Structures are given as C-alpha cells and as structure tokens.
Amino acid sequence: MHVDAALGGFILPFARKLGYDIPQFDFAVEGVTSINLDTHKYGYAPKGSSVILYRDPELFSYQVYTVGDWTGGIYFTPTTLGSKPGFTIAATWAAMLYLGEEGYMKITKEILETGKYIVNETRKISELKILGDPLWIIAISSDSINPYVIMDYMAQRNWHLIGLINPPGFHIALTYRHTLPGVKESFINDLRESIKDAIEKGQPTTGMAPIYGATAFLPKDQLDLILKYVIDWLYNPWE
Ligand SMILES: Cc1ncc(COP(=O)(O)O)c(C=O)c1O
C-alpha cells in the first residue's frame, strides 16, 4: 500500500512530537510499502523536489531505468526525470539544514495553532460547516449558501481558495504565511463579509462558481475528456 503524504509528510511527524494525537500512517503500519512526501511543500524547498521512501530496496529497484546498450553510452536514472538541476537538490538540502528539526517543529506549532483558531471561529458562523475534524487543511461547506459563491467573494478579497466537490465546498491549506500577525483574523472577517455578499448580492458575474457547479453534475468520463481537451488546447497555442 502506498501512502500519499505529499501534504502531511512534513507536518504530521512534528505534530506528533508536539503532543497532537496523530494516528499511525507510516511504516509503523503493516502493509505500507511506500510513502511520498513533498519537500517542495512543507519542507520549504523549491518546486521540483520531492521524496519517495520504500520499505525495502526491492521495490525501489522497479523505479530504476537502465539502457545498457545505448549507442550514446550507458544510460541509467533512478527517477522519471533524467537530466535534472543540481540546484533543486542543493537548495532542498540547504532548506532542511537551515530549518532543522527545531525549525520544522516551530513552524508546525504555529500552523496548527492557527488552524485551531480558524476551525473554532468558523464553527461559530452558523451558515458554515467544517468538514471532518481538521488540523491545518480546513475544508468548509454550507447547507444554506452555495459555497462556490462564498469562494468567489473570498477571491475578490484576495483569498484564492481551492474548490472541492462531493460535497461542494472549498478548502484552505494553511502555511507559515497564514501564521503572520492579523492574517487568521482577516480570514474569518473576510469569510463573514463574503457570506454577507453572497446573501445580499447573489452570484457574482465573474468567478469559478458556475464551473465548480457544473463539475458536480458532469459524469466523470466527460470531465476527464474536457480536461484532456484543455491540455490539448494549452499545448496547441497556434490553433
Ligand atoms: C496529497 C497530494 N498528493 C499529491 C500532490 C501532487 O503533488 P505534485 O504537484 O508535487 O505532483 C499534491 C499536491 O498538491 C497533494 O496535495
């Protein structure tokens, strides 16, 4: 079994050390054979760097690509990307050394405390509901207002939140920047103002609400097809 710890891999181990009740999710669980975690997310390294861990070397061997009889010489690479920038590896190493365990613990603590504030304050807003019992990736929905409309009014206030489907909602993944003074209070204040706008003004003329609304009704195969058309269109700028 593979564990996708892209988002959580650099938070959960530190959260556990801070005393949060984090269920086992790693190699401590029997049957987990590989885990990915993104240094380029909460590891604070540049994009393009990531980590995959295997329980045993045999599994790793399947990701290695070799061409022993290539006329250009021997070719072998352990990653999908062949030629790759040494800069990314060096900068990732530097970020990890710079922050160290102490730095990651400090950042995690602040992010989780910010998360607690946002969850508690959002729960006080009667029009909204928090999905699940989150720590720092907070998904919000509503039974009384179209959440995508709230999301659009939040965008007008410079909060670029990510829409969710099934159930409809949006989420915020808190980062270190959200822990800066005044940011969490602005978020809650802007949520309240955006709800007011949604009730008083209805759907704005621009925004993502119609797109997210449509995706909730389109069958999955049609959606996949549309996404492929988008990629084709992006790669064919002359047509
Ligand atoms: C849980 C999870 N898995 C995978 C990915 C994909 O990561 P990447 O964009 O580095 O391929 C993301 C990105 O946000 C993620 O949050």
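Values in this text are rule-based calculations from the coordinates and carry no lab data. Just so you know, these numbers come straight off a predicted model, no measurement behind them. Don't worry about glycine lacking a Cβ; one is built from the backbone with ideal geometry, like all the others, and counts go over all protein chains shown.
Counted residue by residue at 0.36 nm each, then reduced by the alpha carbon distance between them, the extension gain from Ile137 to Ser186 reaches 15.9 nm.
Stretching Asn158 away from Ser126 to a fully extended chain increases their span by 9.2 nm, per 0.36 nm per residue minus the current alpha-carbon distance.
Which order do Trp238, Trp136 fall in if you start with the one that has the fewest other Cβ atoms within 10 Å?
Working: Trp238 3, Trp136 24.
Final ranking by Cβ density, sparse to dense: Trp238, Trp136.
Calculated mean residue ellipticity, 222 nm, the chain: -13500 deg cm²/dmol, from DSSP H runs (n ≥ 4) at -39500 (n - 2.57) each, averaged per residue and rounded to 500. Classify region 101-215 as rounded, prolate or oblate from the Cα gyration tensor: take a ≥ b ≥ c as the square roots of its eigenvalues, call it rounded if a/c is under 1.5, otherwise prolate when a/b beats b/c and oblate if not. Cα axes put region 101-215 in the prolate bin. Rounded to the nearest Hz, the phi-derived 3J(HN,Hα) couplings of region 152-163 under the Karplus curve 6.51 cos²θ - 1.76 cosθ + 1.60 (θ = phi - 60°) are 5, 5, 5, 4, 5, 9, 6, 9, 9, 8, 9, x, where x marks glycine and proline. Calculated FRET efficiency, Asn36 and Lys201, Cβ-Cβ r, R0 45 Å, to nearest 0.05? Approximately 0.60, to the nearest 0.05.
Counting pairs of alpha carbon atoms under 8 Å apart in space and at least six apart in sequence, what relative contact order in percent does the chain give? So the answer I get is 13 percent. Which net charge results for the neighbourhood of Ser34, defined as the other residues with beta-carbon distances under 13 angstrom from its beta-carbon, given Lys and Arg at +1 and Asp and Glu at -1? So the surrounding residues net to -3.
Using C-alpha pairs under 8 Å with a sequence gap of at least 6, the mean separation divided by the residue count of region 2-84 gives a relative contact order of 23 percent. Put in order of Cβ neighbour count within 10 Å, fewest first, the listed residues Arg177, Arg123, Arg55 become Arg177, Arg123, Arg55. Applying Stokes-Einstein at 20 °C and 1.002 mPa s to the Kirkwood radius of region 8-56, computed over alpha-carbon pairs, gives a translational diffusion coefficient of 182 µm² s⁻¹.
Residues Ile52, Ile140, arranged from fewest to most other Cβ atoms within 10 angstrom of their Cβ, appear as Ile52, Ile140.
On the basis of the beta-carbon distance and an R0 of 22 Å, His2 and Val230 show a calculated FRET efficiency of 0.20.
Would you mind checking Lys124/Lys201; Lys124/Lys196; Lys124/Lys220; Lys109/Lys184; Lys84/Lys228 for any pair whose Cα atoms are more than 25 angstrom apart? From Lys124/Lys201; Lys124/Lys196; Lys124/Lys220; Lys109/Lys184; Lys84/Lys228, over 25 Å: Lys124/Lys220; Lys84/Lys228. In a reduced charge model with +1 at each Lys and Arg Cβ and -1 at each Asp and Glu Cβ, the chain shows a dipole moment near 540 debye about its Cα centre.
Ignoring solvent entirely, what values of log10 I(q)/I(0) come out of the Debye formula for the chain at 0.07 Å⁻¹ when each Cα is a single scatterer? For the chain, the Cα-only Debye profile gives -0.33.
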